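Q: Handing you a structure now.
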Amino acid sequence: MKLRKLYSVVSLVLIAVLACSLTGCKDSSQTSNQYPLSSKITVYATLYPVYDFTKKIGGDRVSVRCMVPPGADPHSWEPSPQDLAELQRAQVLVYNGAGMEPWIDKVLGALDTKSMVVVEATRGLPLLPADTTHSDTHPHDQDWDPHVWLDPVLAQDMAKNIASGLSTADPKNRGFYEKNCAQLVQKLENLDRAYRAVIEKCQKHDIVVTHQAFGYMARRYGLNQQALMGVSAEAEPTPSAMARITEFCRRNDVHYIFFEKTTTPRLAQVIAEETGAKVLVLDPLGTLTEEQLKAGEDYFSIMYSNLENLRMALGYEP
């Protein structure tokens, strides 16, 4: 009898070891296609901006995984059953909110979240309506512009919401998270000052973009965003939208059309050819490419690169 019990215990141990081994193998095979991981408490972030802020605040006390893979369109991406199974392991889930993840309520309803801290990064922030910047196309079920992170001032509040969530999940490291959050907020304040210093001395304030992602940036710095497509960037622009933007560029002497690094510049090039303008990148930072990650780019490097392109396009005069 004792021998049989011993065999049972040994069998259970072997099964547990085998399960852990298989799980480890599965994780290592998937990380090559993911953003880099850190360590400690397990955090899942839905898309790049909240992933990057979480990583900067959490440091080596957290293991952060970005759900939307590099280069994928965060507007159209949806989690697979495998993603949901892995998400159940999270101690913290950080999502953007403001309609950026239309699947989030369904996912939260399907998960056991009793032991999970769920952080909506844009909670309590002043949101812009989706149609605030005169695009001809936007989804009828999209109420808000979700690209809040492109305003460095509102991004500070996003960072504080994330730090609060990490502290709730891991109270013994609260001071560590608060210190890192304060450093991140300082960098965001410096970024805001840099944008103000440049844009205040620009002769032009019209930005023509393919994707209506820059409403918060426009509101903060007094820019006039004209977009071919709505906040989701999923629909092709209508002929009337193309005609409207072309006429706007001619009438307002627009010299540059902005496009996104993760999408084809075709639409921007069509408008540029029609009007004699040039094309430049203005990155909405919803996702990064594998190349950008390998080059060590992050939220700040790309936001400063955006600022340089705005300086060029808007006629900066010191």
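We did not get these values from a lab; they are worked out from the coordinates using the rules stated. Being a predicted model, the structure only gives us computed values, none of them experimental. Please note: Cβ atoms are built from the backbone with ideal geometry, for glycine as well, and neighbour counts cover all protein chains shown.
Q: If you take every residue apart from Gln203 with its C-beta less than 12 Å away from the C-beta of Gln203, what net charge results, scoring Lys and Arg +1 and Asp and Glu -1? All intermediate terms of the calculation are to be shown ahead of the outcome.
A: Details: positive: Lys201, Lys204, Arg311; negative: Glu200, Asp206, Asp253, Glu317.
Net charge in that neighbourhood comes out at -1.
Q: Among Phe248, Phe258, which comes first, second and so on when ranked by fewest other beta-carbon atoms within 10 Å? Mind dumping the intermediate values first?
A: Details: Phe248 17, Phe258 25.
Exposure proxy ranking, most exposed first: Phe248, Phe258.
Q: Kindly put Lys106, Lys261 in sequence by how many other C-beta atoms sit within 10 Å of each C-beta, fewest to most. Working shown, then result.
A: Numbers: Lys106 13, Lys261 18.
So the residues, fewest neighbours to most, are Lys106, Lys261.
Q: If we count every other residue with Cβ under 11 angstrom of Thr275's Cβ, Lys/Arg +1 and Asp/Glu -1, where does the sum land? Don't skip to the answer; put the middle values down first.
A: On the way: positive: Arg250, Arg251, Lys278; negative: Glu247, Asp253, Glu273, Glu274.
Spelling it out: positives minus negatives among the neighbours equals -1.
Q: With respect to the cross-link table entries Lys160/Lys187; Lys40/Lys114; Lys56/Lys187; Lys201/Lys261, which display a Cα-Cα separation exceeding 23 Å? Write down the numbers at each step before the final one.
A: Working: Lys160/Lys187 13 Å; Lys40/Lys114 20 Å; Lys56/Lys187 11 Å; Lys201/Lys261 26 Å.
Listed pairs above 23 Å: Lys201/Lys261.
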